[in-house]
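Here the structure is laid out as structure tokens; the discussion comes afterwards.
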Amino acid sequence: LLKRAGELQKELHENIIPKLIRAGKTEKQLAADILKSMFYGEHDGICRMNAFEQEITTPTIVSGKGGKCYSVFDGTPGGGWGICPASPFFGSPLIKIEKNSPIMVDILYGYQGYKTDKSTTYSIGNLSGQMTDAHQFCIDMRDYIADRLHPGEIPSSIYESVLAKAAKAGYEKIFMGQGESQVHFVGHGIGLAIDEYPVLAKRFDEPLEKSMVIAVEPKIVFDEGVVGLEDTYLVGDNGGEILNGQDGKIIVI
């Protein structure tokens, strides 16, 4: 079921969403168009969380400078404005999609109760070299993490290694958010709920086990917007098997 969710999500991100993105459309309008497409497909509509008093819905659109906005939702870098502070999801009804500015689309796809998680960066026209370089760094980190997703690996060790690489590359203060909105993980378990164990973060020292499912989401938040990606992996003997992936490149429209 998870693999089917991943197949449906891959199709959505690669072939459906690019046709829906248009300059001048608000984030909320884009979110509504995407959600409509999901329900015309096989999305089950459930976004379940285990954390006490936490809730989430899908999709979430973050474009341009909204990526720097601090979100009241404690769980994603580059939170975005959302509909309002009480509902920091979907997308802003006031912010319009612009050319040459990053558009982050973060979606939870549910199929018969099981979830995969994926974020893709889109742009109408090209982004700056600074942003494309940062995005490539995120791809490299995703692939590095995926190679280490095999039984016996320690989540906290993976996390610390990625932080060290981000610092060496000069992204320490903008990797996974900025300031107080910087989140302290690079991946999380997913399956029946969005926030399952294990988490790729400090103090998660129990070794990975075969067939765990983990969403890996390295992202970098500039003042001008957020870049990066997220894909869902199955822990295996030879590293992570991607369930909903693509090459990870920015999709230019």
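Since every read-out is calculated from the coordinates, none of them should be taken as a lab result. Predicted model, so just to flag it, every value in this text is computed and none were measured. Counting neighbours? That spans all protein chains shown, and the Cβs are built from the backbone with ideal geometry, glycine included.
Summary table below
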| quantity | calculated |
| --- | --- |
| Lysines with Cα under 20 Å of residue 3, excluding same-chain neighbours fewer than 8 positions away | 115, 118, 210 |
| Gaussian network model of the chain, springs between alpha carbon atoms under 10 Å - residue of 222, 52, 185 with greatest fluctuation | 52 |
| Distance violations [Cα-Cα > 18 Å] among 28/96; 28/65; 65/96; 65/99; 25/65; 10/65 | 10/65 |
| Projected label distance in nm at residue 202 and residue 100, using a 7 Å step from Cα toward the beta-carbon | 4.0 |
| The chain: relative contact order in percent, alpha carbon pairs under 8 Å with at least 6 residues between | 25 |
| Whichever aspartates and glutamates have a C-alpha closer than 14 Å to that of residue 19, once near sequence neighbours (fewer than 8 apart) are set aside | 11, 33 |
| Identified option (computed Rg and Dmax of the Cα atoms in Å; candidates [x] 30.0, 105; [y] 16.5, 49; [z] 17.5, 56) | [y] |
